[in-house]
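FYI, it's all coordinate maths here, none of it is from the lab. Bear in mind that the values here come from a model prediction, so they are computed numbers and not experimental data. In this analysis, Cβ positions are derived from the backbone assuming ideal geometry, glycine residues included, and neighbour counts consider all displayed protein chains.
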Ligand SMILES: [Zn+2]
């Protein structure tokens, strides 16, 4: 089973076999004797390295309210939704 991760070099999405990594919350740790290469930036992810999981529930709304804090667009680049402070008079 493949799980989607976020490359910590380029922010792109990469999918790895679940058995290649140790899952820990919303991050995974690359197991020893496993190495995989990001298809976007060719960075090698080595054993012991920590990568973020791509959130399974992705909040994308058009002309609606976004309840989540992250919006994922395209190949997995995460854009944080800016919170505008109330204007001080
Ligand atoms: Zn990458």
Residues satisfying the stated conditions in the stretch 1-12, i.e. surrounded by 13 or more Cβ atoms within 10 Å (Cβ to Cβ) and either closer than 10 Å to residue 52 by Cα or more than 14 Å from the chain's Cα centre (by Cα) (or both): 4, 5, 6, 7, 8, 11
Cβ pairs under 6 Å, 6+ apart, first in the stretch 1-15 and within 16 Å of residue 26 (Cβ to Cβ), second part of a loop (DSSP other than H, G, I, E, B) and near the ligand (Cβ under 8 Å from one of its atoms): 7/38; 14/7; 14/38
